[in-house]
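What follows is a short report on a single structure.
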Amino acid sequence: MQTRKLGNSNMDITPVGFGAWALGGGGWQFGWGPQDDNDSIAAIHRSLELGVNWIDTAAVYGLGHSEEVVARAVQQWKGPRPYVFTKCGMRWDKNGRVSKVHSPESIRQECADSLRRLRVDVIDLYQIHWPPEDNGPTLEESWQTMAALQKEGKVRWIGVSNYDASQLQRCEKIAPVTSLQPPYSLIRRQIENEILPHCERRGIGVIVYSPMASGLLTGAMTRERIAKLPEDDWRKNSPELREPRLSKNLELVERLKKVAARYKTVPGAIAVAWALRLPAVTGAIVGARNAQQAEEVMRAGEIKLTPQDIAEIEATAAAQVAR
């Protein structure tokens, strides 16, 4: 796979990275239902075999479990060590309920916990998961703490997730922002107007999450499967999986299937390739729950859609939005 430099870092990353959210399993507020750890490790290993060179996780995924699974997978892997990215700013209570916490003390504790769970001496990219709820001064305080962790050598590079352009600017006054991690897919395009142009101007790397809309654009998410989602799968309550949006989204999947057939691939890979078409997007985080899923989508970064493909896909997406 070709690589792209991530922001101001010295990391050249593949267009697709492995997303480890679902690997946390079920039993917590934003879980994906039951998940077998051996399947998770096999999915990571197959992705690395296909050339992927980075893994994105977070402390909160599975309340620490995803980081532990990633650590096991990396330790068992015999090839070149992948970059490991993780996140802070989301804490949980004994009942698995999650809240945003941005105090310096909390971020330092989270960093120490992540270093222990990941079994590393330094985190390659450390990201604040969400901005503060009140958009107040803890935004600056938390970013100052991140910059301090970088200077102390506990993390190599620092970034944010789900921040808007004005919040990025506030951070940039304190220390450079290596990367932003925003949601981006055919059904979630808000970052195109302001956030992507800002990142491009400022040299901030962008690694987008949910390019397949959390599985919706894979072609595997049928009405029957949606009806059978486990109770502890957060997607069960997603408005995108309910009417009136569901029918429109499934129509879009049918168009993705037609384009995928021309490339002898799956709709999810086309959805990822679409998200990677813009120069401002450095990479896309792609989840897989087993080796077969990894086989299908991790090569998406090698697909170069034609202007005709993009027009065909986007005509459907625009029609869904317009209705």
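Of the residues that sit in the stretch 117-131 and are outside any loop (DSSP other than H, G, I, E, B) and out of contact with any helix residue (DSSP H, G or I) (no Cβ under 8 Å at 6 or more places or on another chain), which one is farthest from V101 (Cα to Cα)?
D124
Could you name every one of the helices (runs of 4 or more DSSP H) located completely within the stretch 143-250 that has at least 1 residues being surrounded by fewer than 18 Cβ atoms within 10 Å (Cβ to Cβ) and at pLDDT 95 or above?
165-172, 195-202
Does T306 satisfy the condition of being at pLDDT 95 or above and under 30 Å from A73 (Cβ atoms)?
Judged against the criteria, T306 is not a match.
Give the stretch 127-142 a look and list any residue that's of a type outside the set (G, A, S) and either out of contact with any Gly (no Cβ under 8 Å at 6 or more places or on another chain) or surrounded by 22 or more Cβ atoms within 10 Å (Cβ to Cβ) (or both), or say none.
Answer for the stretch 127-142, where residues must be of a type outside the set (G, A, S) and either out of contact with any Gly (no Cβ under 8 Å at 6 or more places or on another chain) or surrounded by 22 or more Cβ atoms within 10 Å (Cβ to Cβ) (or both): Q127, I128, P131, P132, E133, D134, N135, P137, T138, L139, E140, E141.
Just one of V84, V60, V70 is in contact (Cβ under 8 Å) with a residue 40 or more places away in the chain, assigned to a loop (DSSP other than H, G, I, E, B) and in contact with a strand residue (DSSP E or B) (Cβ under 7 Å, 6 or more places away or on another chain); which is it?
V60
Only residues in the stretch 147-176 that are in contact (Cβ under 8 Å) with a residue 12 or more places away in the chain count as the first member; pair them with residues that are in a helix (DSSP H, G or I) and among the small types (G, A, S), Cβ under 8 angstrom, at least 6 apart or cross-chain, and list the lot.
I158/A147; I174/A147; A175/A147
All but one of (1) open to solvent by less than 20 Å² (accessible area, probe 1.4 Å); (2) in a loop (DSSP other than H, G, I, E, B); (3) in contact with a strand residue (DSSP E or B) (Cβ under 7 Å, 6 or more places away or on another chain); (4) not hydroxyl-bearing (S, T, Y) hold for Q29; which doesn't?
Every listed condition holds for Q29 apart from (1).
Restricting attention to the stretch 82-98, report how many residues are open to solvent by 30 Å² or more (accessible area, probe 1.4 Å) and either at pLDDT below 95 or among the acidic types (D, E) (or both).
5
Take the conditions open to solvent by less than 10 Å² (accessible area, probe 1.4 Å) and modelled with pLDDT under 95 and apply them to L6. Does it pass?
In short, no.
So, in the stretch 253-289, exactly how many residues are of a type in the set (A, V, I, L, M), open to solvent by 10 Å² or more (accessible area, probe 1.4 Å) and in contact with a Gly (Cβ under 9 Å, 6 or more places away or on another chain)?
3
The values are calculated or read from the model by the stated rules, or taken from the named source; none is laboratory data. The structure displayed is predicted, hence computed values, not measured ones. Here the Cβ is made from the backbone with ideal geometry for all residues, glycine too, and neighbour counts use every protein chain on show. What goes into the accessible areas is simple: the full protein's heavy atoms, side chains included, and nothing from ligands, DNA or RNA. Shrake-Rupley method; radii C 1.70, N 1.55, O 1.52, S 1.80 Å.
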